[in-house]
Amino acid sequence: MTYSQRATHTAASSDITYLEYQIGQTEEHLKEAEEVIEVKKQQLEQHRSSTSQDREAHKEVEIQLIDDIAQQQTVVEVIRKRLSELDEELTLLGD
């Protein structure tokens, strides 16, 4: 739906504008979550390449980083699902 078409449908127009805003916000959250994963992966890579005297502490840090990455990947999946739902809603309103 073009802008001029939205402008003639005021109720739908505000809904579409709001959904577009939500999609933009959700895309930003997705980008941030993906960046966190990349940082954690880099930290894990650096950690694995470092040597440590205390093997137990070294292993605990590695496990924590792996857990953090897994949790963040779950967050990314949830955000992607929400983004898909918003896109679907926008498509329905546009019809």
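The values are calculated or read from the model by the stated rules, or taken from the named source; none is laboratory data. Just so it is clear, the model here is predicted, and its values are computed rather than measured. Heads up, the Cβs are rebuilt from the backbone with ideal geometry, glycines too, and the neighbour counts pull from every protein chain shown.
Assorted remarks:
- Conditions (1) exposed (fewer than 15 other Cβ atoms within 10 Å of the Cβ); (2) polar (S, T, N, Q); (3) at pLDDT 90 or above: number failed by Gln72: (1)
- The residues in the range 66-89 that are touching a residue at least 24 places away in the same chain (Cβ under 8 Å) and over 12 Å from the mean Cα position of the chain (by Cα) can be counted, and the count is 5.
- Complete set of residues in the range 35-50 that are surrounded by fewer than 14 Cβ atoms within 10 Å (Cβ to Cβ) and of a type outside the set (Lys, Arg): Glu35, Glu38, Val39, Gln42, Glu45, Gln46, Ser49, Ser50
- Qualifying residues in the range 6-28 (those that are among the charged types (D, E, K, R) and modelled with pLDDT of 90 or more) - the one farthest from Val76 (Cα to Cα): Glu20
- For first residues located in the range 42-58 and in a loop (DSSP other than H, G, I, E, B), partners that are modelled with pLDDT under 90 and surrounded by 11 or more Cβ atoms within 10 Å (Cβ to Cβ) and lie 6+ apart or on another chain with Cβ distances below 6 Å form the pairs Ser52/His58.
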